Amino acid sequence: MNRGVLLLAVCLLASAPTVRSFAAPIQPLRAPSLTSCAMSTIRIGIVGTGTISEAVVTGLCLDNAADLAITVSPRNAERAAALAAKFPHQVTIGKDNQDVVDCSEIVCIAVVPKLAEEVLASITFRADQTVVGFMSTTKLEVIKKLAAPATKVLRAVPMPPFARRCGAIPMHPPDATIAALFGRAVAVVEVATEDELITLMSVSGMMAPFYAQIAATQKWVAKQGVEETASSRFVGALFHSLTDNCKAEDKGFDHIVADSQTPGGINEQALRELTANGFYTTLETEMDVILARVQGKPRPEHAPPATPAP
C-alpha cells in the first residue's frame, strides 16, 4: 500500500449523502405496560454482543446517557459483563434474547448475517417496537418479515469508531428518533433507498486496506533506520492529520487532492506514478467486487480472479 490510497479511501468513506446533525433531545417513546423491566426514557435492546454491539453501546454511554437503559444479550457473557461493569447505570444483561426484546422499545439486531433469520425467527416482537438491523447482508424486507408485527424497521451500519464517537452511521429509511439517538455519538447519514445504504456499507470494506497502508508505511520508515516508537507516532499522527479535513466535506474531494501537491513536488510525483501504474483503477475494481458481494451478485467480469481466502 502507498500514501496515495489514503485520500481516496478516506474520502470515499466521507463522501456520503447529506449528513444531518441532531441537537434536539429525543422525545420519550411510548412505553409498553411492562412491570419487570427498568423504566427509563429510552429503552434499548441489543441482540448479539459482538464487536459492533460493544461499539454502539460504548459510544452511546460515553456521555449524555442518563436517559438510556440498555439491555444486552447474554450470549457473549464476557463482553456483556464488561459492558455492564463499565456502564452500571445504563447496561443490564438480559436472561436471553427474548428478555432483551421484552425490555426494549428500540431493538438493535447485531448478529452474524448467516444466523440472522434463525435468531429473528426465535424472537417475538411487539407492534410498538422499532427494530434496527445492523447485519451487512440481511435485506430490509427479510428483517420486516421476521420482526412482524413490528412495522417500524430500519437498517443501519455502525462501524467500530462509533465507540470513540467518531465517524458516521448510514441508515435507511430516514427516522428522526433513531437518527437523534445515534446522532449523540456520530454523524448520521440518512439515505432514501436501500441500494444507497448498501453502497455506503460496501465502502467500509476499505477499513482494513486503509490500516494496512498505515502499517506498511510505518514498517517502511522503520526499515530506513527510524526506531519503532518514533516511526509509529509520526506515521499515525500524520495520517490522522490528513484525514481530519475530510470529515465535513459534502462537495467531493478533488480540491483536497489538488491542494495537497505542488507542481514537480513529491506528492505530485507519487500520485502521478501510482495513477499511471493502475493503483486507483485496482482500488475501484476492488470496490466493485465488494459491492457485488454485499449485493449478493456474481463477481464482476472486469475483476481479476478472486484471491483464495486463508
Here the tail fraction of P(r) beyond 17 Å, over all Cα-Cα pairs of region 256-310, rounds in percent to 54
Give me the number: length gained by fully extending A208 to R299, i.e. 0.36 nm times residue separation minus the C-alpha to C-alpha distance, one decimal in nm.
-> 30.7 nm
If you keep only loop residues by DSSP, which GluC sites (Glu not before Pro) in region 222-310 have at most 10 other Cβ atoms within 10 Å of their Cβ?
-> E227, E301
Kindly report, to the nearest 10 Å², the accessible surface of D244 as traced by a 1.4 Å probe over protein heavy atoms only.
-> 80
Under the Debye formula (equal points on every Cα, no solvent term), log10 I(q)/I(0) of region 148-292 at q = 0.15, 0.16 Å⁻¹ | -1.01, -1.12
For region 165-234: rounded, prolate or oblate by the Cα gyration tensor [a/c cutoff 1.5] | oblate
In terms of Cα to Cα distance under 26 Å, which lysines are near enough to K152, apart from those fewer than 8 places away along the same chain?
-> K95, K114, K139, K144
Per q in 0.14, 0.21 1/Å, what log10 I(q)/I(0) does a Debye calculation on the alpha-carbon atoms of region 86-133 return?
-> -0.37, -0.80
Multiply the residue gap between Q98 and D254 by 0.36 nm, knock off their C-alpha separation, and tell me the result in nm, one decimal place.
-> 51.2 nm
quick note, region 50-173, DSSP beta bridge pairs, % antiparallel (nearest 5) is 15
Any idea what the alpha-carbon Rg over 2.2 N^0.38 Å comes to for the chain?
-> 1.10
Can you pull out the trypsin sites (Lys or Arg not before Pro) in region 225-310 that DSSP calls coil and that have at most 15 other Cβ atoms within 10 Å?
-> K247, K251
Region 67-184 shape via C-alpha gyration tensor axes, a/c threshold 1.5 = rounded
If one computes the Cα centroid of region 180-202 and of region 96-114, what distance in Å separates the two points?
-> 20
Distant alpha-carbon pairs in region 210-290 (separation over 20 angstrom), percent | 51
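The values are calculated or read from the model by the stated rules, or taken from the named source; none is laboratory data. These figures come from a predicted structure and were not determined experimentally. All Cβ positions, even for glycine, are placed from backbone atoms using ideal geometry, and neighbour counts span all protein chains on display. Keep in mind that these areas ignore ligands, DNA and RNA; they rest on the heavy atoms of the full protein, side chains included. Shrake-Rupley method; radii C 1.70, N 1.55, O 1.52, S 1.80 Å.
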